[in-house]
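The values are calculated or read from the model by the stated rules, or taken from the named source; none is laboratory data. Keep in mind that what you see is a predicted model, and the values were worked out from it rather than measured. FYI the Cβ positions are ideal-geometry reconstructions off the backbone, even for glycines, and counts take in every protein chain you see.
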Amino acid sequence: MKKNLMFWITLLVIIGSMLTACSGNPSASLAGTWKLISYGSPASPMPAVPDVDASVIFGSDGTISGNVGCNSFSGSYKVDGETVTFGAIASTLMACADPIAQQEGMVFNVFVNTATFKLDGNTLTVISADGNSVVVFERK
């Protein structure tokens, strides 16, 4: 009886180890609230407009919302490895003055279709599909 029990325990441990090894690394979680720090060219991003509450909320349910300067927005996203795919983004349509309009436009341009991202501690960098634009956030 003891040999039979040990066999089954050993077998379960081996199967569990194999399933864990085969599952790979889970996708990084973007869930949470992020404050915009900078945007623009990857070589020389511009700092976010001061005194403007520009933040994005990535919901754990795949929703995204926020305000990055002037207009509120919402939409959906899906993470696969280091790739994030954005669904359609809907926003209010208030006119915004520069530099806020420029900041908002840059973020919305990065949040189109598929982008890559890097998480480094509390810093999130989202890179446009063509690699020409980035937005950098800090976890709130």
**Study point:** the stretch 110-128, residues that are loosely packed, with under 15 Cβ neighbours inside 10 Å and not acidic (Asp, Glu)
**Key:** Val112, Asn113, Thr114, Lys118, Leu119, Gly121, Asn122, Thr123
Practice item. Hey, can you tell me all the residues within the stretch 90-109 that are of a type outside the set (S, T, N, Q) and touching a residue at least 60 places away in the same chain (Cβ under 8 Å)? Key: Met106, Val107
Revision key, fill the gap. Reported set for the stretch 40-67 where residues are touching a residue at least 60 places away in the same chain (Cβ under 8 Å) and more than 15 Å from the chain's Cα centre (by Cα) is Gly40, Ser41, Pro42, Pro45
**Study point:** Single residue of the stretch 22-71 satisfying the filter (surrounded by 11 or more Cβ atoms within 10 Å (Cβ to Cβ) and among the hydroxyl-bearing types (Ser, Thr, Tyr)) that is modelled with the lowest pLDDT
**Key:** Ser27
Point to revise | Hey, Gly81 crowded, with 16+ Cβ neighbours inside 10 Å, out of contact with any strand residue (DSSP E or B) (no Cβ under 7 Å at 6 or more places or on another chain) and not β-branched (Val, Ile, Thr) or not | key: no
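Criterion first (touching a Ser or Thr at 6+ places or on another chain (Cβ under 8 Å) and small (Gly, Ala, Ser)) does Gly131 satisfy it?
Criteria not met by Gly131.
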Review point. Restricting to the stretch 40-80, what's the tally of residues that are within 21 Å of Ala101 (Cα to Cα) and among the acidic types (Asp, Glu)?
Key: 2
Check your understanding: Out of Ile57, Ile100, Ile127, Ile89, which single residue is out of contact with any Asp or Glu (no Cβ under 9 Å at 6 or more places or on another chain) and under 16 Å from Thr33 (Cβ atoms)?
Key -> Ile57
Review point. Regarding Ser72, is this residue polar (S, T, N, Q), in contact with a strand residue (DSSP E or B) (Cβ under 8 Å, 6 or more places away or on another chain) and free of Cβ contacts under 8 Å to residues at least 24 places away in the same chain?
Key: yes
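Would you say Ser76 is among the hydroxyl-bearing types (Ser, Thr, Tyr) and under 17 Å from Leu30 (Cα atoms)? If you could, list the steps in order and put the result at the bottom.
On the way: among the hydroxyl-bearing types (Ser, Thr, Tyr): yes; under 17 Å from Leu30 (Cα atoms): yes.
Spelling it out, Ser76 is indeed among the hydroxyl-bearing types (Ser, Thr, Tyr) and under 17 Å from Leu30 (Cα atoms).
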Review point. Within the stretch 33-65, can you find the residues that are of a type in the set (A, V, I, L, M, F, W, C) and more than 20 Å from Gly87 (Cβ to Cβ)?
Key: Leu36, Ile37, Ala43, Met46, Ala48, Val49, Val52, Ala54
Exercise for review: Looking for whichever is within 14 Å of the chain's Cα centre (by Cα) and touching a residue at least 24 places away in the same chain (Cβ under 8 Å) here; the options are Thr125, Thr85. Which one fits?
Suggested key: Thr85
